[in-house]
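Here the structure comes first, spelled out in structure tokens, and everything after it is commentary.
The values are calculated or read from the model by the stated rules, or taken from the named source; none is laboratory data. The structure presented is a predicted model; accordingly, all values stated were derived computationally and were not measured. Glycine gets a Cβ as well: all are built from the backbone with ideal geometry, and neighbour counts include every protein chain shown.
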There are 2 protein chains.
Amino acid sequence: MAKVHNFSAGPCILPQEVFQQAAAAVINFDDLNLSILEISHRSPSFVKVMDEARELVKKLLEVPEGYTVLFLQGGASTGFLMSAYNMLSEGGTAAYVNTGTWAKKAIKEAKLLGNVNVVASSEDQNFNYIPKGFEVPSDADYLHLTSNNTIFGTQYKEFPSVDVPVICDMSSDIFSRKVNVADFDIIYAGAQKNLGPAGTTLYIVKDEILGRNERSIPSMLDFKVHADKDSMFNTPPVYPVYVSMLNMRYMLKAGGVEAMQRKANERASMLYTEIDESPLFEGVAAVEDRSQMNVTFVLTDDSKKEEFDLLWNQANVSGLKGHRSVGGYRASMYNALEVSSVEALVNAMKKLRS
Amino acid sequence: MAKVHNFSAGPCILPQEVFQQAAAAVINFDDLNLSILEISHRSPSFVKVMDEARELVKKLLEVPEGYTVLFLQGGASTGFLMSAYNMLSEGGTAAYVNTGTWAKKAIKEAKLLGNVNVVASSEDQNFNYIPKGFEVPSDADYLHLTSNNTIFGTQYKEFPSVDVPVICDMSSDIFSRKVNVADFDIIYAGAQKNLGPAGTTLYIVKDEILGRNERSIPSMLDFKVHADKDSMFNTPPVYPVYVSMLNMRYMLKAGGVEAMQRKANERASMLYTEIDESPLFEGVAAVEDRSQMNVTFVLTDDSKKEEFDLLWNQANVSGLKGHRSVGGYRASMYNALEVSSVEALVNAMKKLRS
């Protein structure tokens, strides 16, 4: 069958080699003659997987001493809640930047637990830019950011430097660029973009904050509970963790985050160049805040829609439909997407103007 | 390689046919030429999977009208919390039966949200029986039960008939026996026993209770939020749901829950018979409360340990070590365990006394 160019917004493309290994383990894992789906999470073979997964995160992101890596469940949607539960003090105030749908959801969950001060927002322009130059009150318990905004196609190029702890939802661009982990107290990321399949969520948590909040925290939402049990307080999502581990092995072999960043630059530059050069397309996000992961663009002439949709479909491009909040098109270009897939899309765009 | 007889306590054995289908979909799912691990959860192919999974639960368990089936994340440990969040009123009291480790954890989470009245407990006998004949105050918001206690090897044969809503954690025996769903307001179950691999949790919730609690509930813990979005409020654990769906298809084809129950009877009767007939073994749980899923037993003469361990290892039996709270042995016999595997274990036990 012809190769599908998978621009899906997530769950998204992973390397073919990872799929081969992942499929094999469903039949016979670690030469046990058992499927990875039927073994105990306490078995030595799986404990090794969990340990390696946590180590690979540390290696790939150069996580400094004093941080704990966890693989939990519930997606970033649970991360919104856990962040506030662990960091927002009784009666305290948290600062949030509202950069779109996901930031809003994070704000909503935090409000259940305390005061939220939205210190900046790009809602006035349908979130097509990243707010800058805002002030964060020094008595805020933390500042919460969303590093990349999948729906609107914006991304922080530099994170604001502030005097309060920073929590960042990096679900959609983690492992695609170098990050100075020491600048953050909590980083969290649903796996289903650059890390692995849906079903597990990565947390990188500064040890200092573990158990520090005086609030009573439900066990499953308490980072300390999970850290004390090496991410095995309850049965972990075995297979999603395993596939994430395989994918991180692959990333490391392929040159690590630096190589992923180069590839992301190459893909993004190729696609944004065509958007800018073509009279038929227009980017949605402010140029300086353009995401390298999710490229949002629209036709300048809507009557070309049918023709363009036919062209990219013929090119075997999949998953290009824009989110309903923005319309138009969205090309999600996660780590495993080959530059040749972007070429296929750009060629379809070029054909439209030829 | 020789067949492994997998008595693992969970994650546990699933049918070989399910593993074959599950592995194939990691390479090419639904003839899309894409892996199930790289497709959007909003794609028609996966929406169909989620819908079929929910329908299969209804069919297999004869779920009556007025109930919603959900596939969420977080395991029963999150179920402990969600149950209380959705059913325990501000200032109200919940009734719990303490039948061991899992019940205790449920009690702990409920205490964060209100008053807990432990109406019965078998802690006096290290949880080797199911309490009976207890009273539940009629003003309790609900009664919480744990249908099968994996660690101690006890199981409710009949559920108490009470005048308050009943919540039941059926993680370890769901789909192994007929249950009258109408007797419960919430049934929940971590998938990783009879349902599927680790990473998803089944909830069967009476529609009446959705949105009824006046407490403010975090989105991810609110059944109404998930019900309103057909279990897709956030990215679901795609693969664990898919494999659960495959396994339910298999169960239906194999005769449904009635057939699973017959097989469970056969396995349990074979093993308990040997325990009772052999002078070398002794069951841990009270005879009338013996679990059909987890058979706990000890040697009457500890000096035989080395010999017995050698015998069952030679028979390719795996996962027989008892939990540290009980010691001895635990044979977990979930739906996919063949009667021939129990024979292999019983033969090893017979050899010990021959």
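For this structure, a couple of remarks:
- Failed item, numbered, when A:Glu55 is tested on (1) facing chain B (nearest Cβ under 10 Å); (2) under 20 Å from A:Tyr239 (Cβ atoms): (1)
- Any chance B:Leu70 is in a strand (DSSP E or B), touching a residue at least 12 places away in the same chain (Cβ under 8 Å) and either more than 8 Å from chain A (Cβ to nearest Cβ) or under 26 Å from B:Val225 (Cβ atoms) (or both): yes
- Within segment A:77-116, restricting attention to residues that are over 23 Å from A:Gly133 (Cα atoms) and in a loop (DSSP other than H, G, I, E, B), the residue that is nearest to the other protein chains (Cβ to nearest Cβ) is A:Leu112.
- Test: residue in segment B:215-226 that is without any contact (Cβ under 8 Å) to a residue 60 or more places away in the chain, in the same structural domain as B:Lys178 (by TED's automatic domain parsing), under 30 Å from A:Met82 (Cβ atoms) and outside any helix (DSSP H, G or I): yes
- For segment B:274-319, taking the residues that are without any contact (Cβ under 8 Å) to a residue 40 or more places away in the chain and of a type in the set (Asp, Glu), the one that is nearest to B:Gln192 (Cα to Cα) is identified as B:Asp309.
- Top-ranked residue in segment A:1-36 [being in a loop (DSSP other than H, G, I, E, B) and of a type in the set (Val, Ile, Thr); ranked as nearest to the chain's Cα centre (by Cα)]: A:Ile13
- Being assigned by TED's automatic domain parsing to the domain that holds A:Met50, in contact (Cβ under 8 Å) with a residue 24 or more places away in the chain, crowded, with 19+ Cβ neighbours inside 10 Å and within 30 Å of A:Asp230 (Cβ to Cβ) is a description that does not apply to A:Phe159.
- Among the residues of segment B:309-331, those identified as surrounded by fewer than 19 Cβ atoms within 10 Å (Cβ to Cβ) and either basic (Lys, Arg) or assigned to a helix (DSSP H, G or I) (or both) are B:Asp309, B:Leu310, B:Leu311, B:Asn313, B:Gln314, B:Lys321, B:Arg324.
- Close contacts from segment B:6-29, counting a first residue that is more than 7 Å from chain A (Cβ to nearest Cβ) and a second that is of a type in the set (S, T, N, Q) and in a helix (DSSP H, G or I), with Cβ to Cβ under 6 Å and a gap of 6+ residues or different chains, come to B:Val18/B:Asn247.
- Criterion: at negative phi, surrounded by fewer than 23 Cβ atoms within 10 Å (Cβ to Cβ) and under 15 Å from the mean Cα position of the chain (by Cα) - qualifying residue of A:Thr150, A:Thr93, A:Thr101: A:Thr101
- Residues in segment B:30-52 that are more than 7 Å from every other protein chain (Cβ to nearest Cβ) and hydroxyl-bearing (Ser, Thr, Tyr) were compared, and the one that is surrounded by the fewest Cβ atoms within 10 Å (Cβ to Cβ) is B:Ser45.
- Extreme residue, farthest from B:Val243 (Cα to Cα), among residues of segment A:53-62 that are surrounded by fewer than 24 Cβ atoms within 10 Å (Cβ to Cβ) and in contact (Cβ under 8 Å) with a residue 60 or more places away in the chain: A:Glu62
- The set of residues in segment A:37-64 being part of a loop (DSSP other than H, G, I, E, B) and more than 23 Å from the chain's Cα centre (by Cα) consists of A:Ile39, A:Ser40, A:His41, A:Arg42, A:Ser43.
- Residue match in segment B:220-229 (condition: in contact with a Lys or Arg (Cβ under 8 Å, 6 or more places away or on another chain), buried (at least 24 other Cβ atoms within 10 Å of the Cβ) and away from chain A (no Cβ under 14 Å)): no
- Selection over segment B:30-40 of residues that are in contact with a Gly (Cβ under 9 Å, 6 or more places away or on another chain) and either touching a residue at least 12 places away in the same chain (Cβ under 8 Å) or over 23 Å from A:Gly75 (Cα atoms) (or both) gives a count of 2.
- Checking B:Leu271, B:Leu252, B:Leu210 one by one, the residue that is away from chain A (no Cβ under 11 Å), touching a residue at least 12 places away in the same chain (Cβ under 8 Å), more than 24 Å from B:Val181 (Cα to Cα) and of a type in the set (A, V, I, L, M) is B:Leu271 and no other.
- Qualifying residue in segment B:149-160 (condition: in contact with a helix residue (DSSP H, G or I) (Cβ under 9 Å, 6 or more places away or on another chain) and within 14 Å of chain A (Cβ to nearest Cβ)): yes
- Pairing residues of segment A:332-354 that are surrounded by 16 or more Cβ atoms within 10 Å (Cβ to Cβ) with residues that are among the basic types (Lys, Arg), at Cβ distances under 6 Å and at least 6 apart in sequence or on separate chains, gives A:Met333/A:Arg267; A:Tyr334/A:Lys193; A:Val342/A:Arg267.
- Within segment A:309-354, tally of residues that are more than 14 Å from chain B (Cβ to nearest Cβ), farther than 30 Å from A:Val257 by Cβ and charged (D, E, K, R): 4
- Test: residue in segment B:28-48 that is in contact with a strand residue (DSSP E or B) (Cβ under 7 Å, 6 or more places away or on another chain) and of a type in the set (Gly, Ala, Ser): no
- Subset of segment B:230-249 [facing another protein chain (nearest Cβ under 10 Å), surrounded by fewer than 24 Cβ atoms within 10 Å (Cβ to Cβ) and either within 22 Å of the chain's Cα centre (by Cα) or over 26 Å from A:Phe19 (Cα atoms) (or both)]: B:Phe233
- Restricting attention to segment A:126-136, the residues that are out of contact with any strand residue (DSSP E or B) (no Cβ under 7 Å at 6 or more places or on another chain) and touching a residue at least 24 places away in the same chain (Cβ under 8 Å) total 2.
- For segment A:184-202, residues that are closer than 16 Å to A:Ala84 by Cβ, within 14 Å of another protein chain (Cβ to nearest Cβ) and over 11 Å from the mean Cα position of the chain (by Cα) total 0.
- Test for B:Tyr129: is it more than 14 Å from chain A (Cβ to nearest Cβ), in contact with an Asp or Glu (Cβ under 6 Å, 6 or more places away or on another chain) and hydroxyl-bearing (Ser, Thr, Tyr): yes
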